[in-house]
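Contents: one structure, followed by commentary.
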Amino acid sequence: MSVRILHRSAVSLLALIPAAALAEEASYGPSEILVTSAPLEETADETATPVVTLSGDELAHRRQGTLGETLAGQPGIHFDNFGGGASRPVIRGQTAPRVQVLSDSTNVQDASGVSADHAITGEPLLLRGIEVLRGPSALLYGGGAIGGAVNLLDTKIPTEVPVNGISGAAEGRLGTGDDERSAVGGVTVGTGALALRVEGARRETDDYRVPGAFGQKRVPGSWSESSTFSAGASWIGADGYLGFGYTRTRSTYGLPGHSHAYEDCHTHGPSLHCGSHGHGDEDDHGHDDHDHEESIFVKLRSERFDIRSDYRDPLPGFERVRFRMAHTTYRHDEIEHDDIAASFRNKAFDVRFELTHKPLAGFRGVFGVQHSDSTFSGIHSYIENDTTRYTPFDIDSTALFLHESREFGPVRIEAAVRQEWQRIRPQTSLASFMPATSHDPFSVSASALWQVTDGYSLSLSLARSQRAPGVQELYAFGPHFASNTYEIGMVTGRTFEGMASTENRLETGKSINLTFRKTSGPTTFTVGAYHQKVDNYIFGQTLDRFEQFRLMHYVAADATFTGIDGEVRHQVVPELGVSVFGDYVRAKLTNDRGNLPRIPPGRLGTRVDAATGPFSAQAEYYRTFRQDRIADFETETSGYDMLNLTVSYKLPLGGERWAELFARGTNLTNAFALNHASFVKDASPLRGRNVVFGLRTAF
């Protein structure tokens, strides 16, 4: 215990010294930022459907320990929190496996798409930017992006040589609500055509505080510890670069809501049977001196190698060639009382090649190929002699894609297609119980962007997108106590009486998106409306429930998503701006068969931002409304108000050097808030009042 206290004290001291702290290199650039994940690298105002970009000061101030929390509050984006260690973005009512998280346009290659309690391996503190694609603009990244794509932009592989031969940044953070101690940063050195990069991050938090309505001062199991180290090198020429990078991630975090009471639960067909349970040991979790080792927690380890290259004018007739390759070894253990209760492994390889051609008969376009294969294990796949067994799965996917664009006066027309071939083969002799599956999803989209007049544009997008079911949806069979679920897949479920077999079905979505923008003048806005009808929408349907433990069967049923999101901003004076933002999605099964589970409610809010000299501030208030359109076995979730405030002071230090002191307060009214999108909403309410103090510098 004394070693832990000494280590935490050292990290806290380090966080107070900007010159010595480890931090991300901030990015400051023009307001029109190129969206690198868009096919032709348009700006956010030029894409056919709304794109959210976070970078520079805004990203630095909003960064949290998880990606979902970092993006929360952006129009159309919610998150499905699972304590303080894991949360995934929810885009227009959909999350993983329909929201693809990318690392500079390649798959992150972890296990976050399998379950909400699995963390995304990207470290927000080490990102220079985040791009969120919604609607058909994400089609080129495959069926896993049928609901959207989140592209994480990092600096681990240099793309330019520092002007003065060296550049870097440093940041330290302290938080009050969860006793956060964070330090992050990196340095780039270069000479001639060679550049080297080293960066790292370290974060520790305790169980976070919540309002008294929860019944305890803190959420048990919401603590987290993580560290990330990256190193990269590039050869950089006048027309592009070739670089290599290595990233090591270590993360350990608690899982709220786990209970021993459900270990006797088992199934009788579509029914859940649980014996008598004692709850006497649960009261101990509420103490402020909660020992991390007493609850179930995740121990995550990941090593990733990247090769990246971008070159302009590589061949006659072509503008650019882009190459990405990544290899990841991932391990994730769920540990309880020093025993491994569940273990996930993923050894994955992903390669993506894109070639952009110059105008041909007026068309500009991108052709590409992507291939990925992995060996994944960890899901409960069958039971033998009353013992849960695990099966490794070989997953192979290959895709070809094409995107073309042409302008006709004020109108730009775009079209895209993607053909995939996916194979999943269980490494087991139980061929009758778990046969191999294959799917060949095909997706196509078309859009028109009309520049109505100076500053105004209107775009219409149509898409038919297909997604193949994932390994969890197909083959799950057994309990997952971290999420308090007993899960049965579409393939394995066919052995149960009364459960339909739908393993050979493709999820097919037909969508229409309408986006209206104004990008110039004191008043600007982006408003998007959409409707999507999905045939064979695959989701975990709750068949039975005992207290917080649920029996879930993955099924395919037709569903619709209809919604609107957007933001309107008015620059009152050069020093003061006011925004109004909001979103709403209605998601339900067709033919009056009910609502889809864990759909975020509507939200409406406002922001006021001000800046004068070295000072800047932003106040944000939004109302998340009540969610009473619920699925079977769900409960209604009350609405809540959220008030956030950020203030900062930036001091130039001469040349390219500067330092900034900032404070960001969230949930300043200490509202008791439950997240309807969360699997464990009652066991893991949102954070109470929290203030993060940060000090960052760059040179």
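Things to note:
- Residue in segment 100-111 that is free of Cβ contacts under 8 Å to residues at least 40 places away in the same chain, open to solvent by less than 10 Å² (accessible area, probe 1.4 Å) and outside any strand (DSSP E or B) present: no
- Candidates in segment 238-256 are the residues that are in contact (Cβ under 8 Å) with a residue 40 or more places away in the chain and open to solvent by 30 Å² or more (accessible area, probe 1.4 Å); of these, the one that is farthest from the chain's Cα centre (by Cα) is Asp239.
- Meets criteria (basic (Lys, Arg) and in contact with a Lys or Arg (Cβ under 9 Å, 6 or more places away or on another chain)) for Arg134: yes
- The set of residues in segment 553-575 being polar (S, T, N, Q) and within 20 Å of Ser520 (Cα to Cα) consists of Gln571 alone.
- In segment 170-200, the residues that are touching a Pro at 6+ places or on another chain (Cβ under 9 Å), open to solvent by less than 10 Å² (accessible area, probe 1.4 Å) and of a type in the set (A, V, I, L, M): Ala170, Ala195
- Selected residue (only one of Thr637, Thr666 is touching a Pro at 6+ places or on another chain (Cβ under 8 Å) and surrounded by 17 or more Cβ atoms within 10 Å (Cβ to Cβ)): Thr637
- Scanning segment 261-277 for residues that are at pLDDT below 70 and in contact with a helix residue (DSSP H, G or I) (Cβ under 7 Å, 6 or more places away or on another chain) returns a single hit, His277.
- Options Arg550, Arg505, Arg586, Arg517; residue that is surrounded by 19 or more Cβ atoms within 10 Å (Cβ to Cβ) and either in contact with a Cys (Cβ under 9 Å, 6 or more places away or on another chain) or farther than 30 Å from Tyr262 by Cα (or both): Arg517
- Yes/no for Pro97 being touching a Leu at 6+ places or on another chain (Cβ under 7 Å) and either modelled with pLDDT of 95 or more or open to solvent by 10 Å² or more (accessible area, probe 1.4 Å) (or both): no
- Taken together, Val351, Val366 contain a single residue that is among the β-branched types (Val, Ile, Thr), open to solvent by less than 60 Å² (accessible area, probe 1.4 Å) and closer than 30 Å to Val452 by Cβ, which is Val366.
- Annotation note: Cβ proximity below 8 Å between a residue of segment 666-681 that is in contact (Cβ under 8 Å) with a residue 12 or more places away in the chain and a residue that is open to solvent by 10 Å² or more (accessible area, probe 1.4 Å) and of a type in the set (Phe, Trp, Tyr) (sequence gap 6+ or interchain) occurs for Ala671/Tyr640; Phe672/Phe214; Phe672/Tyr640; Ala673/Tyr640; Leu674/Tyr640; Asn675/Phe79; Ala677/Phe79.
- Members of segment 128-151 found to be part of a strand (DSSP E or B) and open to solvent by 10 Å² or more (accessible area, probe 1.4 Å), listed by number: Arg128
The values are calculated or read from the model by the stated rules, or taken from the named source; none is laboratory data. Computed from a predicted structure; not experimentally measured. Reconstructed Cβ throughout: ideal geometry from the backbone, glycine too, with neighbour counts over all protein chains shown. The accessibility values were calculated without ligands, DNA or RNA, using every heavy atom of the protein model including side chains. Shrake-Rupley method; radii C 1.70, N 1.55, O 1.52, S 1.80 Å.
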